[in-house]
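Remarks on the structure that follows.
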Amino acid sequence: MAFQKPTGTQDFLPGTVEKWQYVEEKARDLCRRFNYREIRTPMFEQTELFQRGVGETTDVVQKEMYTFEDKGHRSMTLRPEGTAGVVRAYAENKLYGEPDVSKLYYMGPMFRYERPQAGRYRQFHQFGVEAFGSVDPAIDVEVIALGLQFFKELGLKDVSVEINSVGTSETRAAYNEALLGFLRPMKDTLCKDCQHRMERNPMRVLDCKVDQDKFVGAPSILDSLDEESTAYFQQVKDHLTAMEVPYRVNERLVRGLDYYTHTAFEYKAQGIGAIDTIGGGGRYNKLVAEVGGPDQPGIGFGIGMERLQLILASQEVEVPAVKPIDVYLVAIGEAAEKETVKQLFKLRTLGFSAERDYLGRKIKAQMKSADRFQARYTAILGDDELSRGEISLKAMDTGEQQNVKLVQLADHLK
C-alpha cells in the first residue's frame with residue numbers, strides 16, 4: 001500500500017529545510033547575543049504536568065492534547081507547548097541554585113490535535129525563550145524586545161506587539177466577578193465554548209474568536225488591578241517607551257493558558273489569514289511552584305515557526321533556499337574519475353563543501369549540476385591534466401579559469 005503522512009503534518013524537503021535552518025540560525029545567534037542558553041526537553045511528559053502547568057480549563061488540555069498510556073500504565077502526553085517542560089526541567093535539575101537569572105531558549109516540535117488550517121498543524125514547531133528568577137519589569141521588556149528583534153532581523157515588516165496586565169490571582173478573582181456580571185445576561189447568545197468557559201474560567205471567554213463583537217463594553221481588567229500590579233505594568237510600559245519599542249495596550253488580551261500573571265503580550269503580523277498572532281507570552285510567577293519546584297518567578301514567549309514561514313513568504317522576504325557549495329569536481333577520463341574521488345574526500349576533510357557527479361553524465365550535464373548547486377568554483381580534471389599534476393579551476397561568478405597544481409587546490413580555494 002502507498003503510505004501518506006498523517007493529517008496535519010508536513011514533510012520538510014530539501015529546498016525547504018534550508019529556509020527553516022536559516023530562521024533557526026537567526027534565532028540561535030540572537031539568543032547568544034542576549035545571553036540565553038539552549039535547553040532540550042523530552043517530546044512527551046507526564047500528562048499531569050500539562051494539566052497543572054497549562055491549566056485544566058484551557059482548550060489545550062480539554063480538547064487538543066495527544067495523550068496515551070505507556071506500558072507501565074502511566075498517562076503520558078506529547079508536549080502541546082514548550083514552557084511547562086522547561087519549567088519542569090528548571091525545577092528538577094535545580095537550576096534555581098545558579099547565582100544568576102536562568103535564561104533559556106528552545107526550538108522543536110509540539111503536538112496538538114486540532115483542525116489544520118493556514119499556519120496551524122497537528123505537529124508544529126516553536127521557538128521560545130524562558131527567563132527565571134527575576135521580578136524586575138526590565139526582564140519582561142527584554143523578552144518582549146528579543147522577539148521583536150528576531151522578526152526585524154529576519155526582514156519582516158509591520159510586526160507589532162500588544163501588551164496587557166492580567167494582574168495577580170487576587171486581582172483576577174475580583175475581575176472575574178465583574179466580568180461575569182457583564183457576561184451572564186448574554187449567556188444564551190454566546191457560542192457553546194464560551195458558555196462552558198464562563199463558570200470555570202471567565203477570562204477565557206474574551207479569547208473567543210467567534211463572539212468578539214459581543215464584548216464591546218466589557219469591563220477592563222486594568223480597572224481591577226491593585227496598586228502593585230498597576231505600578232508594575234507602568235514600569236513595563238516606561239521601559240518599552242525608553243527603548244523605543246512600539247506597543248499597543250490591548251485590555252482584552254488574556255492569552256490562552258492559565259499560568260500568566262502580570263505581563264501578557266502577543267506579536268501580530270498580517271499575511272496568514274484571519275489569525276494574525278505569530279507568537280506571544282507573558283509572566284508566570286507561580287508556575288514553578290505549581291509543578292513542584294520552589295517559588296521562583298518566570299517569563300517567556302513562544303513563536304510559531306510555521307506561521308512565521310508563511311509570513312516570510314507572503315511578504316516576499318528573501319530566505320536562502322540553497323546553501324552554495326565551494327567546489328564541484330568534474331572528471332574526464334577513467335584515471336581522472338578515480339582521482340576526483342580522492343580529491344573530493346580530501347577537500348571535505350579540510351572544511352570545504354564539495355560535490356561530484358555520480359551518474360556518469362557528460363561534461364555539459366555536470367556543469368549544469370554545478371550551477372544548480374551554486375558552486376563557487378568548478379574544478380575540471382582530465383587525464384592529461386592529471387599526468388601533469390594539475391587541475392583546471394573555474395570561478396563560476398566571473399568565468400575566469402586557470403590551471404593550478406593539484407597539491408595546491410585547497411590553497412587556491414581558500
For residues that are in contact with a strand residue (DSSP E or B) (Cβ under 8 Å, 6 or more places away or on another chain) and either hydroxyl-bearing (Ser, Thr, Tyr) or open to solvent by 100 Å² or more (accessible area, probe 1.4 Å) (or both), tally how many sit in region 359-375. 1
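Yes/no matrix, rows are residues, columns are (1) more than 20 Å from residue 126 (Cα to Cα); (2) surrounded by fewer than 14 Cβ atoms within 10 Å (Cβ to Cβ); (3) modelled with pLDDT under 95; (4) within 23 Å of the chain's Cα centre (by Cα):
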{"position": "271", "(1), (2), (3), (4)": "no, no, yes, yes"}
{"position": "288", "(1), (2), (3), (4)": "yes, no, yes, yes"}
{"position": "304", "(1), (2), (3), (4)": "no, no, yes, yes"}
{"position": "311", "(1), (2), (3), (4)": "no, no, yes, yes"}
{"position": "316", "(1), (2), (3), (4)": "yes, yes, yes, yes"}
{"position": "320", "(1), (2), (3), (4)": "yes, yes, yes, yes"}
{"position": "333", "(1), (2), (3), (4)": "yes, no, yes, no"}
With the structure loaded, tell me whether residue 356 is modelled with pLDDT under 95 and either under 15 Å from residue 326 (Cα atoms) or surrounded by 13 or more Cβ atoms within 10 Å (Cβ to Cβ) (or both) or whether it fails that test. no
In region 335-353, what residues are open to solvent by 30 Å² or more (accessible area, probe 1.4 Å) and either among the aliphatic types (A, V, I, L, M) or in contact (Cβ under 8 Å) with a residue 12 or more places away in the chain (or both)? 335, 339, 341, 346, 350, 353
Can you tell me which of 135, 101 is farther than 26 Å from residue 308 by Cβ, in contact with a helix residue (DSSP H, G or I) (Cβ under 8 Å, 6 or more places away or on another chain) and surrounded by fewer than 17 Cβ atoms within 10 Å (Cβ to Cβ)? 101
Could you tell me which residue of region 36-81 is nearest to the chain's Cα centre (by Cα), considering only residues that are open to solvent by less than 90 Å² (accessible area, probe 1.4 Å) and among the aromatic types (Phe, Trp, Tyr)? 36
When region 204-255 is checked residue by residue, the ones that are among the small types (Gly, Ala, Ser) and either in contact with a Phe, Trp or Tyr (Cβ under 8 Å, 6 or more places away or on another chain) or in contact (Cβ under 8 Å) with a residue 24 or more places away in the chain (or both) are 217, 218, 220, 224, 229
Please list, ordered by first then second residue, the pairs with beta carbon atoms under 8 Å, 6 or more apart or interchain, first in region 39-58 and over 23 Å from residue 95 (Cα atoms), second open to solvent by less than 20 Å² (accessible area, probe 1.4 Å) and in a helix (DSSP H, G or I). 57/204; 58/204
Go over the candidates 329, 409 one by one and state the one that is part of a strand (DSSP E or B) and either open to solvent by less than 20 Å² (accessible area, probe 1.4 Å) or modelled with pLDDT of 95 or more (or both). 329
Going residue by residue through region 12-27, is there one that turns out to be out of contact with any Ser or Thr (no Cβ under 6 Å at 6 or more places or on another chain), without any contact (Cβ under 8 Å) to a residue 12 or more places away in the chain, among the hydrophobic types (A, V, I, L, M, F, W, C) and not in a helix (DSSP H, G or I)? yes
Test: residue 129 is touching a His at 6+ places or on another chain (Cβ under 6 Å) and surrounded by 19 or more Cβ atoms within 10 Å (Cβ to Cβ): no
Pull up region 207-237, narrow it to residues that are open to solvent by 30 Å² or more (accessible area, probe 1.4 Å) and among the β-branched types (Val, Ile, Thr), then point me to the one that is nearest to residue 189 (Cα to Cα). 210
Only one residue in 260, 284, 267 is touching a Lys or Arg at 6+ places or on another chain (Cβ under 7 Å) and buried (at least 22 other Cβ atoms within 10 Å of the Cβ). Which one? 260
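The values are calculated or read from the model by the stated rules, or taken from the named source; none is laboratory data. Please read all numbers here as calculations on a predicted model, not as lab measurements. Every residue, glycine among them, receives a Cβ derived from its backbone with ideal geometry; neighbour counts consider all protein chains shown. Ligands, DNA and RNA are stripped out before the accessible areas are found, and what is left, the full protein with its side chains, is counted by its heavy atoms. Shrake-Rupley method; radii C 1.70, N 1.55, O 1.52, S 1.80 Å.
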